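Reviewing the structure listed below.
Nothing in this text is a laboratory measurement; each read-out follows from the coordinates by a stated rule. Quick caveat: nothing in here was measured; it's all calculated off a predicted structure. We place every Cβ from the backbone using ideal geometry, glycine too, and count neighbours over all the protein chains shown.
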Amino acid sequence: MRRAGYAIAGPVLVVLAHHAAVIPHEYAHSFMAWALGYKSDPLVIDWGGRSAVAGRLL
């Protein structure tokens, strides 16, 4: 029973850790673009569209 919990919790924690790393990273890009005058609002993130590969997979 304990292994099943690890099997479920492991991937969930990996996804959460990934988001915890990506979101500040993207905001760092946004704030740098704002500081250099490329963006008017650093809190608006343009996440872009789907890539050609992700569009076929998802």
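Treating each Cα of segment 7-50 as an identical point scatterer and ignoring solvent, apply the Debye formula and state log10 I(q)/I(0) at q = 0.13, 0.24, 0.32 Å⁻¹.
Values, matching the q order: -0.40, -0.81, -1.04.
Given labels modelled 7 Å from the Cα in the Cβ direction, how far is it in nm from Ile23 to Ile45?
0.7
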